[in-house]
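Beneath this line is the structure, given in structure tokens, with notes to follow.
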Amino acid sequence: MKQPVYYLKFTENAIFTDAKLNIFFNQLYTFLMNSLTESEVDHEFLIDGYVALILQNSVDSKASADLRFSTSSKNIFNLLKSSMSSLPVSEFEIGEGEIRLRFAQKLITIAFNSNVMNRVDVDGMGVRDKSEIIKTK
């Protein structure tokens, strides 16, 4: 039997100043890695948007400050869509290629991207390469 995985990198790296967000994302990654494979989640569920730019020391004043994650894995995206009601979120909306949820008064977007995304390793975490992040208003 496979040993359970406990993902702790959000807390270890203090990605967010709000500890509740770090714990939530640790739990989300733990759930995904134990439901699918560590490798798939590590390589295909990426921190995106403003947070990814900060982690790569490339803050762009045009970047949106929302919390964004992207995946090119239908397995990950479909698992998240079917599991939203069991997550500790205050509200969520599932669209064709995007899941929007609210946790700790933050809007979090998880987008499906059918294109393969370039992954950058930042402190052992999968982050979307800054050159691919679409700059918004």
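Does F10 fit the bill of being touching a Ser or Thr at 6+ places or on another chain (Cβ under 6 Å) and either closer than 18 Å to K106 by Cβ or surrounded by 14 or more Cβ atoms within 10 Å (Cβ to Cβ) (or both)?
Details: touching a Ser or Thr at 6+ places or on another chain (Cβ under 6 Å): no; either closer than 18 Å to K106 by Cβ or surrounded by 14 or more Cβ atoms within 10 Å (Cβ to Cβ) (or both): yes.
Taking the combined requirement at face value, the residue does not satisfy it.
How many of the residues in the stretch 95-137 are under 18 Å from I54 (Cβ atoms), open to solvent by 50 Å² or more (accessible area, probe 1.4 Å) and among the hydroxyl-bearing types (S, T, Y)?
Summing the residues that are under 18 Å from I54 (Cβ atoms), open to solvent by 50 Å² or more (accessible area, probe 1.4 Å) and among the hydroxyl-bearing types (S, T, Y) in the stretch 95-137 gives 2.
Condition first: hydroxyl-bearing (S, T, Y) and part of a strand (DSSP E or B). Can you find one or more residues in the stretch 101-120 that meet it? Can you show your working first?
Taking the stretch 101-120 first, the residues hydroxyl-bearing (S, T, Y) are 109, 114.
Narrowing the set further to residues that are part of a strand (DSSP E or B) leaves 109.
Checking the stretch 101-120: at least one residue is hydroxyl-bearing (S, T, Y) and part of a strand (DSSP E or B).
Which one is nearest to N115 (Cα to Cα) among residues in the stretch 71-94 that are assigned to a loop (DSSP other than H, G, I, E, B) and at pLDDT 95 or above? Give the derivation first.
Of the residues in the stretch 71-94, the ones assigned to a loop (DSSP other than H, G, I, E, B) are 72-73, 87-90.
In the following step, the residues that additionally are at pLDDT 95 or above were identified as 72-73.
Working: S72: 6, S73: 10 Å.
Per the stated criteria, the residue is S72.
Among R119, R68, which is farther than 22 Å from T17 by Cα and modelled with pLDDT of 90 or more?
Details: R68 fails: farther than 22 Å from T17 by Cα.
When all the criteria are applied, what remains is R119.
If the requirement is being under 19 Å from P4 (Cβ atoms) and either buried (at least 18 other Cβ atoms within 10 Å of the Cβ) or without any contact (Cβ under 8 Å) to a residue 40 or more places away in the chain (or both), which of these qualifies: V59, V51, V89, V41?
Numbers: V59 fails: under 19 Å from P4 (Cβ atoms); V51 fails: under 19 Å from P4 (Cβ atoms); V89 fails: under 19 Å from P4 (Cβ atoms).
One residue alone meets the criteria, V41.
Sort through L46, L21 and tell me the only one that's in a helix (DSSP H, G or I) and either aliphatic (A, V, I, L, M) or open to solvent by 50 Å² or more (accessible area, probe 1.4 Å) (or both). Break it down into steps so the answer makes sense when it comes.
Working: L46 fails: in a helix (DSSP H, G or I).
The conditions single out L21.
Can you spot a residue in the stretch 74-84 that is open to solvent by less than 40 Å² (accessible area, probe 1.4 Å) and within 17 Å of D18 (Cα to Cα)?
No; the residues of the stretch 74-84 include none that is open to solvent by less than 40 Å² (accessible area, probe 1.4 Å) and within 17 Å of D18 (Cα to Cα).
State all residues of the stretch 24-35 that are closer than 21 Å to T109 by Cα and either exposed (fewer than 13 other Cβ atoms within 10 Å of the Cβ) or more than 15 Å from the chain's Cα centre (by Cα) (or both); if no residue qualifies, say none. First the steps, then the outcome.
We begin by selecting, within the stretch 24-35, every residue closer than 21 Å to T109 by Cα; these are 24-33, 35.
If the condition is that a residue be closer than 21 Å to T109 by Cα and either exposed (fewer than 13 other Cβ atoms within 10 Å of the Cβ) or more than 15 Å from the chain's Cα centre (by Cα) (or both), then S35 is the only one that fits.
The values are calculated or read from the model by the stated rules, or taken from the named source; none is laboratory data. Computed from a predicted model, the values in this text were never measured in an experiment. Positions of Cβ are backbone-derived with ideal geometry, glycine not excepted, and every protein chain shown enters the neighbour counts. Accessible surface areas use protein heavy atoms only, side chains included; no ligands, DNA or RNA. Shrake-Rupley method; radii C 1.70, N 1.55, O 1.52, S 1.80 Å.
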